[in-house]
Amino acid sequence: DFIIRFANDRDTEAMAEISALSKKRAYDGIVSDAVLNRPIEDKEYRNEQMRLRMKKRISIVAIDKATCKTLGFAQFVLGNEETDVEYANAELCSLYVHPDYQSKGVGAALLKRVKDLCSVGNNKTLALFCFKDNPKAVEFYTKHGGTVFKEQKHQFGDKEYDHFVFIF
């Protein structure tokens, strides 16, 4: 059983670790090992990168009620000027679940909370970029109501990759 709450500075290290481990698992064979391994091998680098992202994004975390362990997190931005997608007024920038807790409803609950938070006021369209070559993520977002709006290149690490742009 878990709760979802807004993240704070004390969550930075756990979020950075989850990000690094989840990206390594999800993007292995898609993204270069050099890009995937740096955050795993360099804890200071990954924590600093997460601190910078937390300043620019709204962050929520899923926390296990019994152990207080961080299970996953999501980060998003609101407002057309803040997104990388001109036709959306909110963008899901990150949704990562610790590999030990995937396929247990954590990601679905985080996505639902983001969609709920983004549906307030004028924020009606949520968009996200998903690696085209990541069938597990494509299936997840489709299952939870996302529609592929278009395909485009999107920067990740040291190069551009083919992505689907999902909208909700």
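The values are calculated or read from the model by the stated rules, or taken from the named source; none is laboratory data. Every value quoted in this text rests on a predicted model; they were computed, and no experiment measured them. Here Cβ is always computed from backbone atoms with ideal geometry, including for glycine, and neighbour counts include all displayed protein chains. Ligands, DNA and RNA are stripped out before the accessible areas are found, and what is left, the full protein with its side chains, is counted by its heavy atoms. Shrake-Rupley method; radii C 1.70, N 1.55, O 1.52, S 1.80 Å.
Exactly one residue among 164, 156, 131 is in contact with a Lys or Arg (Cβ under 7 Å, 6 or more places away or on another chain) and surrounded by 12 or more Cβ atoms within 10 Å (Cβ to Cβ), and that residue is 164. Considering only residues in the stretch 65-107 that are surrounded by fewer than 15 Cβ atoms within 10 Å (Cβ to Cβ) and either part of a strand (DSSP E or B) or among the small types (Gly, Ala, Ser) (or both), the one that is modelled with the lowest pLDDT turns out to be 79.
Scanning the stretch 1-25 for residues that are closer than 15 Å to residue 101 by Cβ and of a type in the set (D, E, K, R) returns 1, 17, 25. Taking first residues from the stretch 3-31 that are within 16 Å of residue 93 (Cβ to Cβ) and partners that are part of a helix (DSSP H, G or I) and small (Gly, Ala, Ser), the Cβ contacts under 8 Å between residues at least 6 apart in sequence or on separate chains come to 26/137. Scanning the stretch 1-43 for residues that are not aromatic (Phe, Trp, Tyr) and not in a helix (DSSP H, G or I) turns up 1, 3, 4, 5, 7, 8, 28, 29, 30, 31, 32, 42.
Among the residues making up the stretch 136-151, those that are loosely packed, with under 14 Cβ neighbours inside 10 Å and without any contact (Cβ under 8 Å) to a residue 60 or more places away in the chain are 139, 143, 145, 147, 150, 151.
The number of residues in the stretch 149-165 that are farther than 14 Å from residue 133 by Cα and in a strand (DSSP E or B) comes to 4.
Kindly indicate whether residue 125 is of a type in the set (S, T, N, Q) and touching a residue at least 24 places away in the same chain (Cβ under 8 Å). Yes: the conditions hold for residue 125. Scanning the stretch 1-38 for residues that are open to solvent by 50 Å² or more (accessible area, probe 1.4 Å), closer than 19 Å to residue 158 by Cβ and either basic (Lys, Arg) or touching a Ser or Thr at 6+ places or on another chain (Cβ under 9 Å) (or both) gives 24, 38.
In the stretch 49-62 there is no residue matching the filter, namely being in contact (Cβ under 8 Å) with a residue 24 or more places away in the chain, part of a loop (DSSP other than H, G, I, E, B) and open to solvent by less than 20 Å² (accessible area, probe 1.4 Å).
Within the stretch 149-165, the only residue that satisfies the criterion of being modelled with pLDDT of 95 or more and under 24 Å from residue 117 (Cα atoms) is 164.
Here is a list of conditions, (1) open to solvent by 60 Å² or more (accessible area, probe 1.4 Å); (2) under 18 Å from residue 141 (Cα atoms); (3) touching a residue at least 40 places away in the same chain (Cβ under 8 Å); (4) in a loop (DSSP other than H, G, I, E, B), and residue 113 meets all of them except one; can you say which number that is? The failed condition is (4).
Residue 46 - would you say it is within 22 Å of residue 154 (Cβ to Cβ), free of Cβ contacts under 8 Å to residues at least 40 places away in the same chain, in a helix (DSSP H, G or I) and open to solvent by 70 Å² or more (accessible area, probe 1.4 Å)? So residue 46 does not fit the description; no.
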